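**Q** Have a look at the structure that comes next, please.
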Amino acid sequence: QTVAEMRQYIQKNIEPLGVPGVEVGQLCAGGKLAADLASGGESYQELQELKAEGLVKTFVLEVFPWTSETAFNALEGGYLAGTVDALIFYFNPLQCFVSNQLWELLQTTGFPWLALRTIGGGDVRHLAADPKNAWMSYWHDRAKEVLPIFERSGISDWAEFCVRFAASFPNVLGTIGASSKIDRVQHLIQAAENRSPLPAKVLEQLLALQRRWSEQVDSKAKPWTM
């Protein structure tokens, strides 16, 4: 809600670890902080103070479909430059969790972002096979639409496909994935070592789906239902 609240949480986390500050601070903004970010308010100066004190090295702004307006206004107004270094949101073949309006602005401004949830809920074949394999129904629905595109791509490995999706955008600073199995984490790292984009036609088809999903589903979703 405020930078003062953020300062308290930073201290609470760094003191037990014995470190001087946070390398990357993910801004999960609400209340006054969100309003200030959208309008260029005084919180920007307070965030700069955290940087000057060495408490935070880099800020990234978390974005969801239901918070995209804040990020859009901040980016369009030119307020982020020099304080917030990148956005961070779910970005994979099954999700582009920003509004279409914000997505278009990202493309024209070249502002960078980090791609969360790299493999999009699991292997697309597994998700498409049975609704029970998806922890939310929309994963299954989207997987069924993406599976034919994946199969026509000539790429046999879903992890590679997902990493190459992220690598198709030069302003993606990196992907952030996870797995409970070490061998899968190692496989993701290996796939990420080669920033090879997807074929243009494949990428075009995926982006068309994501624009429709954003308009018809994501932009109308209640917070935290996806």
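**Q** Would you mind stating whether residue 160 is closer than 30 Å to residue 61 by Cβ, open to solvent by 50 Å² or more (accessible area, probe 1.4 Å) and part of a helix (DSSP H, G or I)?
**A** Taking the combined requirement at face value, the residue satisfies it.
**Q** Of all residues in segment 48-103, how many are hydroxyl-bearing (Ser, Thr, Tyr), in a helix (DSSP H, G or I) and open to solvent by 50 Å² or more (accessible area, probe 1.4 Å)?
**A** Qualifying residue count, segment 48-103: 0.
**Q** Here is a further query. Could you give me the residue pairs with C-beta distances under 7 Å whose first residue belongs to segment 19-31 and is within 17 Å of residue 41 (Cβ to Cβ), whose second residue is open to solvent by 80 Å² or more (accessible area, probe 1.4 Å) wherever it lies, and which are 6+ apart or on separate chains?
**A** What qualifies is 30/1; 31/1.
**Q** To continue, here is another question. Hey, residue 128 hits all of (1) in contact with a Leu (Cβ under 9 Å, 6 or more places away or on another chain); (2) surrounded by fewer than 21 Cβ atoms within 10 Å (Cβ to Cβ); (3) over 20 Å from residue 188 (Cβ atoms); (4) free of Cβ contacts under 8 Å to residues at least 40 places away in the same chain but one; which does it fall short on?
**A** Only one criterion is unmet by residue 128, namely (2).
**Q** Now a separate question. Residues of segment 1-32 being in contact with a Gly (Cβ under 9 Å, 6 or more places away or on another chain) and not charged (D, E, K, R), which ones?
**A** Within segment 1-32, 1, 2, 6, 10, 14, 20, 21 qualify.
The values are calculated or read from the model by the stated rules, or taken from the named source; none is laboratory data. These numbers were taken from a predicted model, which means no experiment stands behind them. FYI the Cβ positions are ideal-geometry reconstructions off the backbone, even for glycines, and counts take in every protein chain you see. With ligands, DNA and RNA removed, areas are computed over all heavy atoms of the protein, side chains included. Shrake-Rupley method; radii C 1.70, N 1.55, O 1.52, S 1.80 Å.
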